[in-house]
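A short write-up of the structure that comes next.
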Amino acid sequence: MTSPKTMKAVAFDRYGPPERLALTNLPVPEPDVGEVRLLVHATTVNRTDTATLRGHPFFARLITGVFRPKMKTLGMDFAGTVDAVGRGVTNLQVGDRVFGLSPDQFGAHAEFMCLSADAAIAPIPQGLGFDESVVCEGAWYASSTINLLQAGQCCLIFGASGAIGIAAVQLAKSRGLHVTAVVGSRHVELANRLGADRVLNFETEDFTAIGETFDLVLDAVGKTSWFRCRPLLKKAGIFAATDLGPFWSNIILGAVFAMTGSRRVRIPFPVDAEGFVRDLAKLMEDGQFQGIFDRSYALDEIVDAFRYVEQGQKTGIVAVSVRHDPEG
């Protein structure tokens, strides 16, 4: 079947609120040498997308564009089918069902996208639909700190109900770690179901006063601080946060500790997206990882999806259905 000449895509040309986004018609991209074109069936809206739309933090604009965004379409997570291949591509074929991550160029909030055939792409595990396979963004950030630990060590995950926290619990268990999950009342059952060894309800108890110490404390929602969590850390324990912290304290403390030769305070900066996606696909195939989804929006409802994610109350992943397939 011949692909159309234009596609629906969500575009923006200025930083700002979700209202900056507009569903528009753009030319269907053609794959270059070594590239594949994907027919996108599903994507997500996540904290990375909302922060990039806002141009936050400001120093990130050195990469995304200081005054105006360099990219026109957001969307890191994708799942779809290979629609066309460029010259020299041998590892993927038209019709392959794939999922993955596009952390450098984004572009998944559209009906088609092109990316390198050697990018962070993997086959969708047997039995999973497209909407169940857009699971990478939160897990990628979680992996960069969870992978610092070895089997038998212990971690506390504060906010184990968002995309990063839910992924962190599962990745930690897959590595043989002892996991303490901290959540609100409505997520206690979910944390238990994910396999956490201990679940604390921050609404009814002070999780910092439990009298235990951990090799890693991960603030997966950016709502606590190293100062508050310091009693929870072992002598060489690591505090990792997915936000800059009050008055950029996590950045400042990370730099101070680094000058002393320590990395006790970190903000996740994950690398090797390609290797990560391959490893995640294996965990999904083995039943050690699954996406937990809050809700799904259609592509033309994406402004509402951004508004919802910005509320900071989502449970797991917010999916966006781009194309529907009878077998997906």
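General observations
- Selection status of residue 43, within 16 Å of the chain's Cα centre (by Cα) and either on the phi > 0 side of the Ramachandran plot or surrounded by fewer than 23 Cβ atoms within 10 Å (Cβ to Cβ) (or both): no
- Residue in the range 72-87 that is in contact with a Leu (Cβ under 7 Å, 6 or more places away or on another chain) and acidic (Asp, Glu) present: yes
- Selection within the range 280-298 - within 15 Å of the chain's Cα centre (by Cα) and part of a helix (DSSP H, G or I): 280, 281
- All of (1) surrounded by fewer than 24 Cβ atoms within 10 Å (Cβ to Cβ); (2) of a type in the set (Gly, Ala, Ser); (3) in a loop (DSSP other than H, G, I, E, B) hold for residue 160 with one exception: (1).
- With respect to (1) touching a strand residue (DSSP E or B) at 6+ places or on another chain (Cβ under 8 Å); (2) on the phi > 0 side of the Ramachandran plot, the lone exception for residue 127 is condition (1).
- Taking the listed residues 260, 204, 208, the one that is farther than 30 Å from residue 126 by Cα, at pLDDT 95 or above and surrounded by fewer than 13 Cβ atoms within 10 Å (Cβ to Cβ) is 204, with no other qualifying.
- Condition check for residue 67: outside the structural domain of residue 166 (by TED's automatic domain parsing), surrounded by fewer than 21 Cβ atoms within 10 Å (Cβ to Cβ) and either within 22 Å of the chain's Cα centre (by Cα) or of a type in the set (Phe, Trp, Tyr) (or both): yes
- Out of 73, 44, one residue alone is of a type in the set (Val, Ile, Thr), assigned to a strand (DSSP E or B), within 17 Å of residue 105 (Cβ to Cβ) and modelled with pLDDT of 95 or more. It is 44.
The values are calculated or read from the model by the stated rules, or taken from the named source; none is laboratory data. Since the model is a prediction, treat every value here as computed from it, not as a measurement. Cβ sites come from the backbone with ideal geometry, for glycine too, and all protein chains shown count toward neighbours.
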